[in-house]
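The values are calculated or read from the model by the stated rules, or taken from the named source; none is laboratory data. Being a predicted model, the structure only gives us computed values, none of them experimental. All Cβ positions, glycine included, derive from the backbone under ideal geometry; neighbour counts span all protein chains shown.
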Amino acid sequence: MAGKPQTVIAGIDGSEESGNALRWAAEYVQRVGGIVHAITVWSQPVQFGYRLPTPDAELETRARNSLETITEPVKAAYPDVDIRPRLVRGQIIDEFVGLTEQADLLVLGNKGHGAFTGMMVGSVALKLVHHAKCPVLVVR
């Protein structure tokens, strides 16, 4: 890793734990160089086999607001770190596994915010630890 800029992905779901993961990633990249991709994956939730009636635009807006709420203070605290927020629509495990094919490190919070999309709860982080194509760091 020494000398090579790192591509680090931080999984963001709006929880305090995901904020801690992003801060860890920013601190790491500040030391070794590289880019932090702050990624929120959202989808239309399904319950008992039925889509819930929340419009896609509303879900996307919630996800975007959550991403901004977490990333803006970290970007301000680490102004020299290239932090790139990105919103992705899809299935969380599939999207993150795909992203890890081009990453040097995936950083996740140890538990997440299941309230609006069910993202990054402990079971999701555990699945990503087992299926990611790069090393995974889980921040407590």
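A few comments on the model shown:
- The single residue among ALA77, ALA10 that is crowded, with 20+ Cβ neighbours inside 10 Å, modelled with pLDDT of 95 or more and among the small types (Gly, Ala, Ser) turns out to be ALA10.
- Among the residues making up the stretch 103-134, those that are at negative phi, at pLDDT below 95 and assigned to a loop (DSSP other than H, G, I, E, B) are ASN110, LYS111, GLY112, HIS113, GLY114, ALA115, PHE116, THR117, MET119, VAL121.
- Within the span defined as the stretch 64-73, every residue fails to be in a helix (DSSP H, G or I), modelled with pLDDT of 95 or more, buried (at least 16 other Cβ atoms within 10 Å of the Cβ) and among the basic types (Lys, Arg).
- Residue ID - nearest to PRO5 (Cα to Cα), chosen from residues in the stretch 94-108 that are out of contact with any helix residue (DSSP H, G or I) (no Cβ under 6 Å at 6 or more places or on another chain) and not small (Gly, Ala, Ser): ASP104
- Single residue of the stretch 76-92 satisfying the filter (in contact (Cβ under 8 Å) with a residue 12 or more places away in the chain and not in a strand (DSSP E or B)) that is nearest to the chain's Cα centre (by Cα): ILE92
- Scanning the stretch 30-40 for residues that are buried (at least 24 other Cβ atoms within 10 Å of the Cβ) and either over 16 Å from GLN91 (Cα atoms) or at pLDDT below 95 (or both) yields VAL36, ALA38.
- Number of residues in the stretch 24-39 that are in contact with a helix residue (DSSP H, G or I) (Cβ under 8 Å, 6 or more places away or on another chain) and either of a type in the set (A, V, I, L, M, F, W, C) or free of Cβ contacts under 8 Å to residues at least 40 places away in the same chain (or both): the value is 5.
- Being of a type in the set (A, V, I, L, M, F, W, C), surrounded by fewer than 13 Cβ atoms within 10 Å (Cβ to Cβ) and either more than 14 Å from the chain's Cα centre (by Cα) or modelled with pLDDT of 95 or more (or both) holds for only one residue in ALA2, ALA25, ALA21, and it is ALA2.
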